[in-house]
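These notes concern the structure reproduced below.
The values are calculated or read from the model by the stated rules, or taken from the named source; none is laboratory data. For clarity, every value in this text was computed on a predicted model and none was experimentally measured. Please note: Cβ atoms are built from the backbone with ideal geometry, for glycine as well, and neighbour counts cover all protein chains shown.
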Amino acid sequence: MKKYIAEFIGTMVLVLIGCGTAMAVGCDPMMGSGYILTAFAFGLGLLTMAYSIGNISGCHINPAVSLGMLMSKKIGIKDFWGYVASQVLGALAGAGLLALIFNGAGIVDMTGGYGSNGLAGVNDNAWIGLLVEVLLTFVFVISILGVTSDKAKHGHVAGLVIALSLVAVHILGIGLTGTSVNPARSIGPAVVAGFGGNWAPMGAVWVFIVGPLVGGLLAAVVYKALEQGKK
């Protein structure tokens, strides 16, 4: 149970810091400061949690990462579903806290949807958005599998490498899809936005569920094939 509580807290913090920063500063690629701040906010949020709860749950805080770990036989099917449920609930809690803070203080949400992902950057082309999410998640998850491999010797810096990987995919992806690479991170803000009367993010949320899961699955398959036979 402690693992699941850790995943709940970790995902809540990721959404709180990452999406909260996006809400506060905006993510317009034409205004680079907010764009870069948001990318680093997600990375630093992950870094903070990696060195806080990593020794308890592994700090997946992302269903796509948990799927990659399941396919790599680092967790079992029971833990996979427990992790996913905890991550989604954590994302909902994080987005709910943002709604409480921003609405309670009358602060303008610069994203218009609690940091929800969208397809405006790809001209509402869902299939291109799906491709973007598959590719970005593939890069992110394969970096995690590599740096956490039993054969790797980067344990003390693994959290930093993973966090910087998340920053990197955000720098490319924010202007395209807002960068999900994490179904829970997308579900939480979209649902909370819906309860607030803005159901637009829910229309595309399937892209940000399917894309990251496919990307995570592909990363696990490719990494396993590359690692097999390597001494």
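Values computed for the structure shown
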| read-out | value |
| --- | --- |
| Condition met for Ile187 (aliphatic (A, V, I, L, M), more than 21 Å from Ser116 (Cα to Cα) and either assigned to a helix (DSSP H, G or I) or modelled with pLDDT under 95 (or both)) | no |
| Pair list, Cβ < 6 Å and 6+ apart or interchain, from region 112-129 residues that are farther than 26 Å from Gly20 by Cβ to residues that are of a type outside the set (Ser, Thr, Tyr) | Ala126/Val207; Ile128/Val122 |
| Test for Ala163: is it within 12 Å of the chain's Cα centre (by Cα), within 16 Å of Gly54 (Cα to Cα) and crowded, with 16+ Cβ neighbours inside 10 Å | yes |
| Conditions (1) touching a Gly at 6+ places or on another chain (Cβ under 7 Å); (2) of a type in the set (Ser, Thr, Tyr); (3) surrounded by fewer than 21 Cβ atoms within 10 Å (Cβ to Cβ): number failed by Thr177 | (3) |
| Any hit, region 150-173, residues being in contact (Cβ under 8 Å) with a residue 24 or more places away in the chain, farther than 26 Å from Gly112 by Cα and not in a helix (DSSP H, G or I) | yes |
| Scan of region 128-149 for residues that are β-branched (Val, Ile, Thr) and not in a helix (DSSP H, G or I), ordered by number | Thr148 |
| Counted residues, region 44-103 - those being touching a Gly at 6+ places or on another chain (Cβ under 6 Å), within 19 Å of Tyr223 (Cα to Cα) and aliphatic (A, V, I, L, M) | 2 |
| Search result, residues across region 190-231 that are at pLDDT below 95, closer than 29 Å to Lys74 by Cβ and not in a helix (DSSP H, G or I) | Gln228, Gly229, Lys230, Lys231 |
